[in-house]
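The values are calculated or read from the model by the stated rules, or taken from the named source; none is laboratory data. It should be emphasised that the depicted structure is a prediction, and the values quoted were computed from it without experimental measurement. Don't worry about glycine lacking a Cβ; one is built from the backbone with ideal geometry, like all the others, and counts go over all protein chains shown.
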Amino acid sequence: MLNEFQKFLLRGNLVELAIGFTVGAAFSTVVRSLVDDIIMPPISALLGSTDFSNLFTVIKPGTPPPPYDTLAQAETAGAITWNYGEFLTTMLTLLIIALAMFLVIKMVNRLENRLEKVIGKEKKEKGDPINKKCPYCFETISFKATRCPNCTSKLEKTT
């Protein structure tokens, strides 16, 4: 059982997932800093607020009653607030992460296409096709694949 557990831990997908999660967490920290420290100050200056996260509306006042200068004061007073500044900051962070991931994926796809062209020329010279379509899920897979990595269907062996 210990041997099986070791094989499970060292499987390529699990290790890649752990690396991806770690890099994603670090990337998220960098993007959060980009939003909080670089992007939000100019936006806050345009809106006349020094701290974008302190944009809120009091739904139910606390004790003492409003006005509250900061969200922390409102929370201390026990007021119920609608924190739209925090929400906007989080949405901006999401959009920046999505844009960055889009650009990274686009760059990787471009590199893969270039690599495929180079490898494709070599394969065509040898006479072997590079890819084929899975007859079950219709995804493009390696010509020599015996199992589809997308739908896991067993495929006929190709020589």
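Would you be able to tell me the number of residues in segment 8-19 that are modelled with pLDDT of 80 or more and surrounded by 11 or more Cβ atoms within 10 Å (Cβ to Cβ)?
The total comes to 2.
Within segment 44-66, restricting attention to residues that are more than 29 Å from Met101 (Cα to Cα), among the small types (Gly, Ala, Ser) and surrounded by 11 or more Cβ atoms within 10 Å (Cβ to Cβ), which residue is modelled with the lowest pLDDT?
Only one residue tops the list, namely Ser49.
Being within 30 Å of Ser142 (Cα to Cα) and either assigned to a helix (DSSP H, G or I) or not assigned by TED's automatic domain parsing to the domain that holds Thr140 (or both) narrows it down to one of Ile105, Ile59, so name that one.
Going through Ile105, Ile59 in turn, the sole match is Ile105.
Residue-wise test of (1) surrounded by 12 or more Cβ atoms within 10 Å (Cβ to Cβ); (2) in a loop (DSSP other than H, G, I, E, B); (3) among the aromatic types (Phe, Trp, Tyr); (4) under 22 Å from the mean Cα position of the chain (by Cα).
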residue: Gln6; (1), (2), (3), (4): no, no, no, no
residue: Pro42; (1), (2), (3), (4): no, no, no, no
residue: Tyr68; (1), (2), (3), (4): yes, yes, yes, no
residue: Gln73; (1), (2), (3), (4): yes, no, no, no
residue: Thr76; (1), (2), (3), (4): yes, no, no, no
residue: Phe87; (1), (2), (3), (4): yes, no, yes, yes
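Taking the options Gly24, Gly62, name whichever one is farther than 30 Å from Pro149 by Cα and free of Cβ contacts under 8 Å to residues at least 40 places away in the same chain.
From the options Gly24, Gly62, the qualifying one is Gly62.
Under the condition of being in a loop (DSSP other than H, G, I, E, B) and closer than 17 Å to Asn113 by Cα, which residue from segment 125-157 is modelled with the highest pLDDT?
Once the filter is applied, the top-ranked residue is Glu139.
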